[in-house]
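The values are calculated or read from the model by the stated rules, or taken from the named source; none is laboratory data. What you see is a predicted model, and the numbers here were worked out from it, not measured in a lab. We place every Cβ from the backbone using ideal geometry, glycine too, and count neighbours over all the protein chains shown.
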Amino acid sequence: MAATETLRVVENHARTYRRVWRGSIISTFLNPILYLAAMGVSLGVLVDQGSGRQALDGFDYLTFLAPGLLAASAMQTGAGDAAWPVMAGIKWRRTYEAVLATPVAVRDLVTGHLLWVTIRLLMMTTIFSFVMVLFGATGVAEAVRAIIPAIVTGLAFGASVTAFSATTRDHTGLTSLFRFGIMPMFLFSGTFFPVTQLPGWMQPIAYATPLWHGVELTRARALSFDPMLPTWLHFSYLGLWIVVGSLLAARQLRKRMVI
Amino acid sequence: MDGSPLVEARGLTKRFGEFTAVDAVDFEVRRGEAFGFLGPNGAGKSSTMRMIGAVSPINGGDLSVFGMDPESEGATIRARIGVVPQQDNLDEEIPVDENLLIYGRYFGFSRAALWPRIEELLAFAELTERRHDKVESLSGGMKRRLTIARALINQPELLLLDEPTTGLDPQARHLLWDRLYRLKQQGVTLIITTHFMDEAEQLCDRLVVMDKGKIAAEGSPRGLIDQYSTKEVLEVRFPDEAKADIAERLEGLAKRVEILPDRVLLYTDDGDATSHEVWTRGLEPESVLARRSSLEDVFLRLTGRSLID
Ligand SMILES: Nc1ncnc2c1ncn2[C@@H]1O[C@H](COP(=O)(O)OP(=O)(O)OP(=O)(O)O)[C@@H](O)[C@H]1O
Ligand SMILES: [Mg+2]
């Protein structure tokens, strides 16, 4: 019963997406191309000539960077799709109000939304992996192995940011989240350099961020080394963000919409 | 069909924090009738509608819709009703016809079943020509018509219309009244909120006058007028300098006198005779207008306030 309602929510997301897919796909390609060209290739040459290789466990910079950037981009997609579109549904366009006047319930709406975010993450990470291979950052097998941990990373943000969007009153909350949460994580959670390079007091903070776990896991899976913690622990930590985030998202959205 | 009411409320209450928006109201809506909530801003009309629509939990009393409890059987109730919210909530970024398609899919209809229905509804809303346009490019009135069309996509037994004609031009309003009348003849039950008297008088078999969360009176439009007002009303305007002692000077002229900031209303069964008397008393008004009593007068009588201004 509720499963069919959830699927209809997904279907209608897809139907709406059909109208913008061209632009969306182009930027999904462009994003890794620009980053890998600028950071991976150009900056990478300098890193590889310097003392970089030892710090990066013998990987060249492009290879080190690519899977980390994949996880970090998944974070951005997950968080982005859970921020403005959710606020629009609640408040700016009030489309959630319209949906909830049909047999669809809040739980179906949230589950459908997160399933859709998962589909978007699958598209995005697949394209990213393809670009990784094109750049010669990794082989095909490595790139494919990186997809699942990256999706899990993105979903940890998709779920928790949905809960945040359902709680915060307006767009200033979202802007702050990205400015003081997502952006610093992007820069300091191991995407561009190992967390061990950070000042000592910052390291525990970095280790607590879901992005670090995502980056570590994605990189380790892709490049076949043992992550810092056992693989299952990294997955569990991200899983916790997904589960708690989803439950909170449903709870907060119910509080907001069912009044 | 059995004679049990389609919607039944006993002591129905809605609170927002400390504030009581709907204060223990009782009403019944019977199958096939057009039922109205008439009241000024903040009366609690939309809050009541949202409870009936099974999207807003009740905070007291009992409510049943189709004999079901909105709390436990919300989805089943929502599948059988159509909702026109006070504020349009269309998906502005997608075309007109896809708005209808997407909405229909939420009710679980197949695309094959939906497309012919969408054709009909586009014609109904006179939006066939605009079907491929994005909603954001429509005028306010067109959006309203689309919202109403969308509410009909699931062929509802009960249609909830929260101020359906706000933003429509007079022609579109009359067209909509006609369409609603036709729906009613097909057996659809209508619940309408409005602060337009003529709308309530035209559309509603029965209505309740709501004010500050309470029901002030209930009846048919004609019945309410007979009960709370006189046959006719004389609207008289006086120049400013004559306003001071106007109350005493009008005494005994009519069954009831209502002094508003801009005019005086004299409730009488014979407007012409009263008008004649006003002149006989040498009152020299700026203008005199005799008209039939309306729900506006009922409202004024019941709440001491004017509904529109
Ligand atoms: N979500 C809410 N939170 C707090 N107060 C609310 C909420 N919704 C409505 N109210 C209050 O409840 C009262 C009744 O509101 P409601 O929208 O039901 O009135 P209405 O009769 O529909 O008025 P209008 O003609 O302006 O649409 C108002 O005082 C309003 O401020
Ligand atoms: Mg209202």
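Among helices (runs of 4 or more DSSP H) lying entirely in the stretch A:110-220, which contain 1 or more residues that are more than 25 Å from A:ALA55 (Cβ to Cβ)?
A:140-167, A:171-177
In the stretch B:10-59, which residues are hydroxyl-bearing (Ser, Thr, Tyr) and under 19 Å from the mean Cα position of the chain (by Cα)?
B:SER46, B:SER47, B:THR48
Taking the stretch B:63-76 only, how many residues are touching a strand residue (DSSP E or B) at 6+ places or on another chain (Cβ under 7 Å) and facing chain A (nearest Cβ under 9 Å)?
Matching residues across the stretch B:63-76 total 1.
Quick one: would you say B:PHE16 is of a type in the set (A, V, I, L, M, F, W, C), surrounded by fewer than 23 Cβ atoms within 10 Å (Cβ to Cβ) and within 16 Å of ligand 2 (Cβ to nearest atom)?
yes
Can you find a residue in the stretch B:26-39 that is closer than 20 Å to A:LEU100 by Cβ and within 16 Å of ligand 2 (Cβ to nearest atom)?
No, because not a single residue in the stretch B:26-39 is closer than 20 Å to A:LEU100 by Cβ and within 16 Å of ligand 2 (Cβ to nearest atom).
Hey, does the stretch B:83-97 have a residue that's within 10 Å of chain A (Cβ to nearest Cβ), within 24 Å of A:MET87 (Cα to Cα) and surrounded by fewer than 17 Cβ atoms within 10 Å (Cβ to Cβ)?
The answer is yes; a qualifying residue exists.
Just checking, does the stretch A:47-65 include any residue being closer than 25 Å to B:ILE102 by Cα and charged (D, E, K, R)? Walk me through how you get there before you give the answer.
If we filter the stretch A:47-65 for residues that are closer than 25 Å to B:ILE102 by Cα, which is where we start, we get none.
No, that holds for no residue.
Name the single residue that is surrounded by the fewest Cβ atoms within 10 Å (Cβ to Cβ) among those in the stretch A:94-111 being within 7 Å of chain B (Cβ to nearest Cβ) and touching a residue at least 24 places away in the same chain (Cβ under 8 Å).
Of everything passing the filter in the stretch A:94-111, A:GLU97 is surrounded by the fewest Cβ atoms within 10 Å (Cβ to Cβ).
What do you reckon, is A:LEU70 surrounded by fewer than 18 Cβ atoms within 10 Å (Cβ to Cβ) and more than 14 Å from chain B (Cβ to nearest Cβ)?
no
Show the residue pairs meeting these rules: Cβ distance below 6 Å; 6+ apart or different chains; first residue within the stretch A:228-239 and under 22 Å from A:THR196 (Cβ atoms) and surrounded by 13 or more Cβ atoms within 10 Å (Cβ to Cβ); second residue modelled with pLDDT of 95 or more and among the aliphatic types (A, V, I, L, M).
Filtered contacts from the stretch A:228-239: A:HIS234/A:LEU217; A:LEU238/A:VAL152; A:LEU238/A:ALA156.
Which pairs have Cβ atoms under 7 Å, sit 6 or more apart or on different chains, and link a residue in the stretch B:202-214 that is closer than 26 Å to B:THR20 by Cβ to one that is among the charged types (D, E, K, R) and within 14 Å of ligand 1 (Cβ to nearest atom)?
The qualifying pairs are B:MET210/B:LYS45; B:GLY213/B:ASP23; B:LYS214/B:ASP23.
Of the residues that sit in the stretch B:33-54 and are touching a helix residue (DSSP H, G or I) at 6+ places or on another chain (Cβ under 8 Å) and within 14 Å of another protein chain (Cβ to nearest Cβ), which one is farthest from ligand 1 (Cβ to nearest atom)?
B:ALA54
Sort through B:ASP169, B:ASP245 and tell me the only one that's under 25 Å from the mean Cα position of the chain (by Cα) and over 29 Å from B:ALA24 (Cβ atoms).
B:ASP169
For the stretch B:1-30, which residues satisfy the criterion of being at pLDDT 95 or above, more than 10 Å from ligand 1 (Cβ to nearest atom) and either of a type in the set (Val, Ile, Thr) or within 16 Å of B:ILE191 (Cβ to Cβ) (or both)?
Listed by number, the residues that qualify are B:LEU6, B:VAL7, B:GLU8, B:ALA9, B:LEU12, B:THR13, B:VAL25, B:ASP26, B:PHE27, B:GLU28, B:VAL29, B:ARG30.
Looking at the stretch B:153-246, what strands (runs of 3 or more DSSP E) fall wholly within it and have at least 2 residues that are within 16 Å of ligand 1 (Cβ to nearest atom), over 30 Å from B:PRO116 (Cβ atoms) and more than 14 Å from chain A (Cβ to nearest Cβ)?
B:189-194, B:206-211, B:214-219
Could you grab me the full set of residues in the stretch B:119-138 that are of a type in the set (Val, Ile, Thr) and within 14 Å of another protein chain (Cβ to nearest Cβ)?
Passing the criteria: only B:VAL135.
How many residues, within the stretch B:247-259, are part of a loop (DSSP other than H, G, I, E, B) and out of contact with any strand residue (DSSP E or B) (no Cβ under 9 Å at 6 or more places or on another chain)?
So the count comes out to 1.
Could you run through the stretch B:246-279 and say how many residues are exposed (fewer than 15 other Cβ atoms within 10 Å of the Cβ) and among the hydroxyl-bearing types (Ser, Thr, Tyr)?
Number satisfying all stated conditions: 0.
Scan the stretch B:172-187 and give yes if some residue there is away from ligand 2 (no atom under 16 Å from the Cβ), modelled with pLDDT of 90 or more, of a type in the set (D, E, K, R) and surrounded by 22 or more Cβ atoms within 10 Å (Cβ to Cβ), otherwise no.
Taking every residue of the stretch B:172-187 in turn, none turns out to be away from ligand 2 (no atom under 16 Å from the Cβ), modelled with pLDDT of 90 or more, of a type in the set (D, E, K, R) and surrounded by 22 or more Cβ atoms within 10 Å (Cβ to Cβ).
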